[in-house]
Structure formats: C-alpha cells, structure tokens
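Below you'll find the structure, written out as structure tokens, and then a few comments.
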Amino acid sequence: MSFKGGWLNITEQKISEKEALLQYVLRLADDALILGQRLSEWCSKGPVLEQDIAMSNMALDHIGRARLLYQMAAEIKGDGTTEDDFAYKRDTNEFKNFLLLEQPNGHWGDTIAKLVFYDTLNYFLFEKLTESANENLAGIAQKAIKEITYHAQWSAEWMIRLGDGTEESKQKMQKSIDDIWMWVGEMFETDQVEEMMAVASIGYKTADLKDAWQSKINQVMEMATLTLPTDTWAQTGGRKGVHSEHLGYILAEMQFLPRAYPDAKW
Amino acid sequence: MGEEYSLEDRFQQYVEAENKVEPKDWMPEKYRQTVIRQMSQHAHSEVIGMQPEANWITRAPSLRSKLILLAKVQDEAGHGLYLYSATETLGITRDELINQLQTGKAKYSSIFNYPTVTWADMGAVGWLVDGAAIQNQVMLCRTSYGPYARAMVKICKEESFHQRQGYEIMMRLAAGTKEQKAMAQDALNRWWWPSLMMFGPSDDNSPNSAQSMKWRIKRKSNDTLRQEFVDKTVPQAEFIGLTIPDPDLKWNEERKSYDFGEMNWDEFYAVVKGNGPCNKQRIINHIKAHEEGAWVREAANAYAKKQQARKKQSAA
C-alpha cells in the first residue's frame, strides 16, 4: 500500500505480543476512564435525584473498571509505572479512547445517545472477554459484565423513554443521535493490536460484533420510534491517539493536581 | 371523676416515656410542622451539600480518591432521597419541598454556602463538616419521630465512614510535602469556625430549641453538641500536626473540656440570611439542573402513562 499523507498519517510499526497486550488493555482502560470522568460531571446536575444517583453509579463502575485495567497494564509494563501514572501523567496523544467517549455530556438525551451506542458494544465485547485466554483480562471482564449488562439496559430504556415520551423529547433525542453519529463508526475499526489479540484469543475484534450490535440498536431504535442516520462517514483517530479538541480539557482538569505538585503523594 | 388529659398532654407523656411517634399517630400540628421543617432542612442540606464536593470529583488527584469522593457524594444524594421520602410521611410532597428550597422558604445548612477552594477542602469538609453533622445525627437517632430516627441510624453509619475518609485526606496532606501540609492547614483555618457554627446559635439565642427538646425532637442543646465536637476534634488535629485557628483554645482541667473563643456571630447571621459566598450560586445551580431536567421528567411520565395504557389495552 502506498503512503498517502493526511490528518492520521501514522504508519503502524511491528510490535511484540506483549506490547500489543499492553496497548489493548490500555485502550479499554482509557475508554472506561474518559467515559467515567465525563459521567461524573453529571453529579449534582441530574434531572431527578434518583437518576443523579444512577449516573454516579455508572461513573463509579467505569472508573473502577479503569483502575483494574490500568493495574493490569502496570503489571504488564513491569517498570514501576502505576495506575495513576497512566491516568495522570500521559498527554492526549497517549490516550487511546474512542473519540465518542470524550464528547461533551450535552443534555440528558445527548449523554443517553452516547451511552446507548457505547454500552451496547461494550456489552457484546465484554461478554466475549469473559472467555479471554488471558486470565487477568477474563477475570476483570467476568467482574465487569454484570454492571455493563445493567448499563446497556439502563441507557436503552432511557432512549426508549425519551424517544417514545413527549413530542419535545422525541425531537431532542433524535437530534442527539444525529449529532453524535459521526463518532460511532470508529468503534468498529480493526488495527494491528486488535488483530494480534484476536489471533491470540485474548481480545476480540469489534468488527465481528457489528452485526449483533446493529440488530440490538435497530431493536432499541424501533421501540424508541427513532431512526438511525443513514450517513456512513465516521471520524476516526481515537485508537491512534489523534483526538478531538475536548480531550485536552478533560486532561487539564483531571491531571491538574499531580501536574502542579509533581513531588506530592495523594 | 378521673383526671382529664388533653391530646397535647397525652402526646407529651407519650414522648416523655420515650415512645416513637409514627406517621399515622395523632400529633400536635406544631410538632408536625417542626419535624417537617427540620427533616426537609436536613434533606436539602444533603442535596445542596453535593455541590461543594462534586466540585472536586473531576480533579481528584488519584483514581482511588476520585472513586471515594464520587461514592461519597452519591451517598449524600441517597441520604437526601431517603430523607425526602421520610419527610413525605408527614403529608407533604417532594415537589413542595423542592419548591420551598428553591424559593428560599426552606433553609439548608449554611456550611454549604462556603466554597471548596482546594483539594484539602475535601479533607476538611469530610473531617469537620461531616464530623459536626455526626455529632448532631447521633443524637437524632433517638429523636421522637420514628421515621426520622430510623433514617438517622442508617445515615449515621455512612457519615462516620465519610468522616474517616475526610480525616484520611487531611492526614495524608499533613504528612506530605511542605505545600501539601500548608494546603491542609489553610483548609482547617477556613473550615474550623464555620463548622462550629453548624451547631446553630448559642443556647441563649436559640428560640426553637426549648420546645424541640420538650418534644424530644432534639435531645441536646446546641452548645452541648458544639462542646462535644470541639473536645473530640482538637486531639485529632494535634495528632496530625495541624493547628486549630483559635488563640483562645485551651484545655480546662476543671471542666475536663476545651475552652474556646467566640464565634463571629455577624458572619453567622449574614450567611444564614443569604449573604455568604455561595448562597446564590448553590440555589441557581439547583434550579438550573431542575429546569434543564424538566423535559426529561415530563418524557418519563408521558412514557410511563403510555405504557400503562398499553398494558390495559392488551389486558382487555
């Protein structure tokens, strides 16, 4: 394949299986942390107390899962790097989360749209990961699958409720879907890391989960009386560390203290 | 002819015999109003109190501390919810209670009208503010209104956990770098006096206290609780090498208690009346979230109604 210059002109270098595993675990951790960080912004701002609690609960699940995955990554790396080093000492280009997850919360419907698309994929992915050939990863997945199942159910129920609620909520929900859609397609890309992990039966290719995802999403959309955009273009870059403008602000806020006081222990 | 007792007298004997008042029991209207006022004030405090702590969730300096803080604020939301439900047993709706909060008719603890400026404030708030709250709430576990007493038993357990978490943050900071220790001391300097003010006016100036004590709603006076808090907290500050910002503070061997300085009551009343650094901000935020969530609540209600109608239709 000949080289074509552009926004994402990063050539893939050959990597070892250990490096691929580290990358794979880190991207799952980054997804969890960045989404958890975003959802935690909802705390004290929810539409009703019960849902404020539910949202915080999910943020806790995601950040909790991020910790387990970063701890695993630290073990793989094996050079004394800690879970907090990964979260607090890396810059935007080292974060490999899906671009979808760093998008701002917007209103309740915007957040729900983001969650439905991600939670549904995450459910199918973690279901597979419970059988990972890597015991650590399988263990984390087995622990997480229960809460991830709940997340997928919760966000789908909200989408249905808002889509099939009032005229206003239907319009809002439809617009949320249309607006967020350009960030969804990236989740089904395959690259060297995923390929290697799939071959080793450690990870799973999200592309192979696309059909299951699509059929579940179609079902939710139908119940919600909403329609999916037909646009097939999707922005990519997250897994390569090429992000939207939002991630820089997330990190500036999240990493402020360890950066301002590099000698301090918290 | 036997002695005649009014309902009020019988009620008084009933609570004096340490019986719990339950929602369906007869109670003086003034008692009902007092308990509503106190419980809803408590519920609002939990909910408004989420804001100053949520302020630091996205900036917590480690993943562990982020999880702990988030879980803590979530607990406060849970307490608020629980207390709103318990208050509703007295014949008032949550919507009415929230309306009273947003229109300023109902108060919440003035402590939450102070800003959380640094990370150390997460330590100080947990240690001092939750510490002061516990002092009050342990007493309320024996309050005469049954649902309130039971709510307090549940809530106290979580609050003492929060207090330990706050103290742990302070301990880590105080044992940390020079800058961290300074951050901890600065937070203590700011939060100490407002924490003492949480117990309310001194006994001489607390008009509602006597009746509340008589009805066994309140079991200890403001000054008694305040003294207990000071006696408990001073050694904790000393243990981690922080200084209580009160030049008049000294151990009184005779009373086996600490003497401490006079509070700035002008500031206390100013903040109660609305003139604190964050009074406006807290209510504006609450109203904003409430209004921005209106379409969501309406949609959820509309959907629930549709679902009900569908169920009926399919059953028919």
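Tallying residues that are among the charged types (D, E, K, R), open to solvent by 50 Å² or more (accessible area, probe 1.4 Å) and assigned to a helix (DSSP H, G or I) within the stretch B:16-54 yields 5.
For the stretch B:55-76, the count of residues that are more than 7 Å from chain A (Cβ to nearest Cβ), touching a Leu at 6+ places or on another chain (Cβ under 8 Å) and assigned to a helix (DSSP H, G or I) is zero.
Picking from residues in the stretch A:189-207 that are surrounded by 16 or more Cβ atoms within 10 Å (Cβ to Cβ) and without any contact (Cβ under 8 Å) to a residue 40 or more places away in the chain, the one that is farthest from A:Tyr118 (Cα to Cα) is A:Ala198. Please tell me if A:Ala113 is at pLDDT 95 or above, open to solvent by less than 10 Å² (accessible area, probe 1.4 Å) and out of contact with any strand residue (DSSP E or B) (no Cβ under 9 Å at 6 or more places or on another chain). Judged against the criteria, A:Ala113 is a match.
Does the stretch B:92-99 include one or more residues that are within 20 Å of A:Glu41 (Cβ to Cβ) and of a type in the set (Lys, Arg)? Checked against the condition, which is being within 20 Å of A:Glu41 (Cβ to Cβ) and of a type in the set (Lys, Arg), the stretch B:92-99 yields no hits at all.
Of all residues in the stretch A:220-266, those satisfying the criterion of being in contact with a helix residue (DSSP H, G or I) (Cβ under 8 Å, 6 or more places away or on another chain) and of a type in the set (Val, Ile, Thr) are A:Val220, A:Thr225, A:Thr227, A:Thr232, A:Thr236, A:Val242, A:Ile250. Among the residues in the stretch A:45-60, are any assigned to a loop (DSSP other than H, G, I, E, B), open to solvent by less than 30 Å² (accessible area, probe 1.4 Å) and facing chain B (nearest Cβ under 10 Å)? For the stretch A:45-60, residues assigned to a loop (DSSP other than H, G, I, E, B), open to solvent by less than 30 Å² (accessible area, probe 1.4 Å) and facing chain B (nearest Cβ under 10 Å): present. State whether the residues of the stretch A:113-133 include one that is within 10 Å of chain B (Cβ to nearest Cβ) and in a helix (DSSP H, G or I). Checked the stretch A:113-133: no residue is within 10 Å of chain B (Cβ to nearest Cβ) and in a helix (DSSP H, G or I).
For B:Thr143, the criteria (1) β-branched (Val, Ile, Thr); (2) under 14 Å from the mean Cα position of the chain (by Cα); (3) crowded, with 22+ Cβ neighbours inside 10 Å hold in every case but one, which is (2).
Contact map, the stretch A:5-32: first residue free of Cβ contacts under 8 Å to residues at least 60 places away in the same chain and under 15 Å from A:Met196 (Cα atoms), second residue in a helix (DSSP H, G or I) and open to solvent by 60 Å² or more (accessible area, probe 1.4 Å), Cβ cut-off under 9 Å, separation 6 or more or different chains; pairs are A:Leu22/A:Lys77. Within the stretch A:156-166, the set of residues being crowded, with 22+ Cβ neighbours inside 10 Å and either within 16 Å of the chain's Cα centre (by Cα) or in a loop (DSSP other than H, G, I, E, B) (or both) comprises A:Gly165 only.
Considering every residue within the stretch A:87-95, establish whether at least one is in a loop (DSSP other than H, G, I, E, B) and crowded, with 23+ Cβ neighbours inside 10 Å. Checking the stretch A:87-95: at least one residue is in a loop (DSSP other than H, G, I, E, B) and crowded, with 23+ Cβ neighbours inside 10 Å.
Residue by residue through the stretch A:61-86, note down the ones that are within 10 Å of chain B (Cβ to nearest Cβ), open to solvent by less than 40 Å² (accessible area, probe 1.4 Å) and without any contact (Cβ under 8 Å) to a residue 40 or more places away in the chain. Matches in the stretch A:61-86: A:Ile63, A:Gly64, A:Ala66, A:Glu83. Return a yes/no flag: does the stretch B:82-96 have any residue that is crowded, with 18+ Cβ neighbours inside 10 Å, closer than 21 Å to B:Lys280 by Cα and out of contact with any Cys (no Cβ under 7 Å at 6 or more places or on another chain). So far as the stretch B:82-96 goes, no, none of its residues is crowded, with 18+ Cβ neighbours inside 10 Å, closer than 21 Å to B:Lys280 by Cα and out of contact with any Cys (no Cβ under 7 Å at 6 or more places or on another chain). Residues of the stretch A:121-136 that are touching a helix residue (DSSP H, G or I) at 6+ places or on another chain (Cβ under 6 Å), among the polar types (S, T, N, Q) and surrounded by fewer than 24 Cβ atoms within 10 Å (Cβ to Cβ): A:Thr130, A:Ser132, A:Asn136. Looking only at the stretch A:235-259, residues that are open to solvent by 20 Å² or more (accessible area, probe 1.4 Å) and within 9 Å of chain B (Cβ to nearest Cβ) come to 2 in all. Just one of (1) under 19 Å from A:Leu33 (Cα atoms); (2) open to solvent by less than 30 Å² (accessible area, probe 1.4 Å) fails for A:Trp183. It is (2). Give me the residue from the stretch A:14-44 that is charged (D, E, K, R) and crowded, with 23+ Cβ neighbours inside 10 Å and, out of that set, nearest to the other protein chains (Cβ to nearest Cβ). Of everything passing the filter in the stretch A:14-44, A:Asp30 is nearest to the other protein chains (Cβ to nearest Cβ). When the helices (runs of 4 or more DSSP H) confined to the stretch B:235-316 are screened for residues that are away from chain A (no Cβ under 12 Å) and under 30 Å from the mean Cα position of the chain (by Cα), those reaching at least 2 such residues are found at B:265-272, B:279-292.
How do the pairs read when you match residues in the stretch B:272-292 that are closer than 21 Å to B:Met197 by Cα with residues anywhere that are open to solvent by 90 Å² or more (accessible area, probe 1.4 Å), using Cβ under 9 Å and keeping only pairs 6 or more apart or on different chains? From the stretch B:272-292, the pairs are B:Val272/B:Lys107; B:Gly274/B:Lys280; B:Asn279/B:Lys273.
The values are calculated or read from the model by the stated rules, or taken from the named source; none is laboratory data. Treat the numbers as computed from the prediction; the structure is a model and nothing was measured. Glycine also receives a Cβ, built like all others from the backbone with ideal geometry; neighbour counts cover every protein chain displayed. Heads up: the accessible areas ignore ligands, DNA and RNA and are worked out on the full protein's heavy atoms, side chains in. Shrake-Rupley method; radii C 1.70, N 1.55, O 1.52, S 1.80 Å.
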